[in-house]
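Q: The structure under discussion is supplied below as structure tokens; questions concerning it will follow.
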Amino acid sequence: MNFSFYMPARVYFGENCIRENREALKGLGQKALVVTGRHAAKAVGALDDVTAALEANGQAYVLFDQVTPNPTMDLVYRGAEIARQEACDFVICIGGGSPMDSGKAI
């Protein structure tokens, strides 16, 4: 089987990185699926930074905070279904490897 796959991703990392780069989110679309785990992004304030940036830009969002360590395909399918149902046109991942991998698959 031959195929080609291209998936661009931009990663912002560091203190205040979302607040300082919220303008970069404007061109991505009107509604985001925000993908993260259940606890860490909330505890450290990263989720608040992302949602504040989206709100300041006038962009809507839906939170998918069900990512677990070593996410399953069922989890990815659930996230993708929510993205379709909610008409999300871009994905923002907050966290480490599991949210990042899940968001890319979604």
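Where a number appears in this text, it was derived from the coordinates with a stated rule and is not lab data. Here the structure is a predicted model, which is why all the values come from computation and not from measurement. Neighbour counts run over all protein chains shown; Cβ positions are idealised from the backbone, glycine included.
Q: Can you compute the FRET efficiency between Arg10 and Asp74 using 1/(1 + (r/R0)^6), with r the Cβ-Cβ distance and R0 = 35 Å? Round to the nearest 0.05.
A: The calculated FRET efficiency here is 0.80.
Q: At 0.36 nm per residue, minus the direct Cα-Cα distance, what do Ala24 and His39 gain on full extension? Give it in nm, one decimal, please.
A: Extra length from Ala24 to His39 when fully extended: 2.8 nm.
Q: Let me ask something else. Go ahead and collect, in residue order, the members of segment 8-36 whose backbone nitrogen is under 12 Å from a label point 7 Å along the Cα-Cβ direction of Glu86.
A: Taking a point 7 Å out along Cα→Cβ of Glu86, the residues of segment 8-36 whose backbone N falls under 12 Å are 31-36.
Q: By a straight-distance test (C-alpha under 20 Å), which lysines pair with Lys104 as possible cross-link partners, with residues fewer than eight away in the same chain excluded?
A: Reachable lysines: Lys26, Lys31.
Q: Quote the charge dipole size of the chain about the Cα centre in Debye, to the nearest 20; the model charges only the Cβ of Lys and Arg (+1) and of Asp and Glu (-1).
A: So the magnitude is around 120 debye.
Q: Rounded to the nearest 500, what is the chain's calculated 222 nm mean residue ellipticity when only DSSP H runs of at least 4 contribute -39500 (n - 2.57) each, over all residues?
A: -11500 deg cm²/dmol
Q: Of Gly37, Phe3, Val76, which is farthest along the charge dipole of the chain in the positive direction, counting Lys and Arg as +1 and Asp and Glu as -1 at C-beta?
A: It is Phe3, whose Cα lies furthest towards the positive end.
Q: Among the trypsin sites (Lys or Arg not before Pro) in segment 24-62, which ones are in a DSSP loop with at most 12 other Cβ atoms within 10 Å of the Cβ? Mind listing them? The partial results should precede the final answer.
A: Numbers: sites: Lys26, Lys31, Arg38, Lys42; in loops: Arg38.
Loop-located and lightly packed - Arg38.
Q: Ok, one more. List the GluC sites (Glu not before Pro) within segment 20-100 that fall in a DSSP loop (any state other than H, G, I, E or B) and whose Cβ has at most 16 other Cβ atoms within 10 Å. Mind showing how you got there, number by number?
A: On the way: sites: Glu20, Glu23, Glu55, Glu81, Glu86; in loops: Glu86.
In loop regions of segment 20-100 (DSSP not H, G, I, E or B), the sparsely surrounded GluC sites (Glu not before Pro) are Glu86.
Q: Please compute the volume of the convex hull spanned by the alpha-carbon atoms of the chain and report it per residue in Å³.
A: Residue-normalised Cα hull volume stands at 110 Å³.
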